[in-house]
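Novice: Have a look at the structure that comes next, please.
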Amino acid sequence: WACASQRHDPHTVEGRIFQGLFHLIRQRRSLPALSTLPQAVTTGNDHVLGLAHYHECALVVVLANFSEQQQHVSGATLHAQGLSWHARDVLSGTALRLAEGTRLAPYQLLWLTPHPHFLSDATLVTMC
């Protein structure tokens, strides 16, 4: 129980792990698309697992790099899943331009959603 008591201290390993898991759970709860069964995405990269979750007007594309090297997924691959050329990584809050694709750091996980500032009315109609 001594380790469990350190989970609220961000300066301990236990605290960093707990806060990281808590962040994942909070983000997961905020995305109804993640309640759907995932569909496999062919990423064109043997080191990157891709899954797409579709729910009414919501979309989340999950990319996971299982390599110790940086990896790339093309913009065309992501666009084919329903993402526009601009997306947001929910986990980091980072806005991404996907025209040239995206690079994943070693072992990086991305939860990509369409970036709300770049959605047009036409895009919303086609998603719904």
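The values are calculated or read from the model by the stated rules, or taken from the named source; none is laboratory data. In this text the structure is predicted, and so the values were computed from the model without any measurement. A quick note on method: Cβ atoms are made from the backbone with ideal geometry, for glycine too, and the neighbour counts reach across all protein chains shown. For accessibility, only protein heavy atoms count, side chains too; no ligands or nucleic acids. Shrake-Rupley method; radii C 1.70, N 1.55, O 1.52, S 1.80 Å.
Novice: With each label point set 7 Å from Cα along the Cα-Cβ vector, what nm distance links A99 and A80?
Specialist: Going by the 7 Å Cα→Cβ label model, 2.1 nm.
Novice: Got a sec? What order do D9, D89 fall in by accessible area at 1.4 Å, biggest, i.e. largest, first?
Specialist: D9, D89
Novice: Using 1/(1 + (r/R0)^6) with R0 = 30 angstrom and r between the beta carbons of Q6 and L31, what's the FRET efficiency to the nearest 0.05?
Specialist: 0.55
Novice: OK, next. Counting only Cα atoms, I'd like the Rg/Rh figure for the stretch 17-69, Kirkwood definition for Rh.
Specialist: 1.04
Novice: Something else now. Give a residue-ordered list of calculated ³J(HN,Hα) values for the stretch 79-92 (Karplus: 6.51 cos²θ - 1.76 cosθ + 1.60, θ = phi - 60°; whole Hz; x for Gly, Pro).
Specialist: The phi angles translate into 5, 5, 8, x, 7, 6, 6, 10, 9, 10, 7, 5, 5, 9 Hz.
Novice: Related question: Is the shape of the chain best called rounded, prolate or oblate, per the rule: a/c under 1.5 gives rounded, else a/b larger than b/c gives prolate, else oblate, with a ≥ b ≥ c the square roots of the Cα gyration tensor eigenvalues?
Specialist: prolate
Novice: Here's another thing I want to ask about it. Pop out the ³J(HN,Hα) list for the stretch 60-76 in order, Karplus 6.51 cos²θ - 1.76 cosθ + 1.60 with θ = phi - 60°, rounded to Hz; leave Gly and Pro as x.
Specialist: Each residue's phi maps through the Karplus curve to give 9, 10, 9, 10, 10, 8, 9, 10, 8, 10, 4, 10, 10, 10, 6, x, 4 Hz.
Novice: Let's see if you can work this out: charge +1 on each Lys and Arg Cβ, -1 on each Asp and Glu Cβ, no other charges. What is the dipole magnitude of the chain about its Cα centre, in debye to the nearest 20? Write out the running numbers ahead of the final one.
Specialist: Details: 8 positive and 8 negative charges, 50 e Å.
Around 240 debye, computed over the chain.
Novice: Could I ask something else about it? Counting only protein heavy atoms, what percent of the accessible surface of the chain is carbon or sulfur at a 1.4 Å probe?
Specialist: Carbon with sulfur: 58 percent of the solvent-accessible area.
Novice: Angle between the Cα long axis of helix 13-30 and the longest principal axis of the chain, 0 to 90 degrees, nearest 10?
Specialist: Between helix and principal axis, roughly 30 degrees.
Novice: While we're here: Taking only protein heavy atoms and a 1.4 Å probe, what accessible area per residue, in Å², does the stretch 18-88 have with all protein chains in place?
Specialist: On the way: 4070 Å² over 71 residues.
Ligands and nucleic acids excluded, the result is 57 Å² per residue.
Novice: So what's the net charge close to L31: Lys and Arg +1, Asp and Glu -1, counting the other residues with Cβ under 14 Å from its Cβ?
Specialist: Local net charge: +2.
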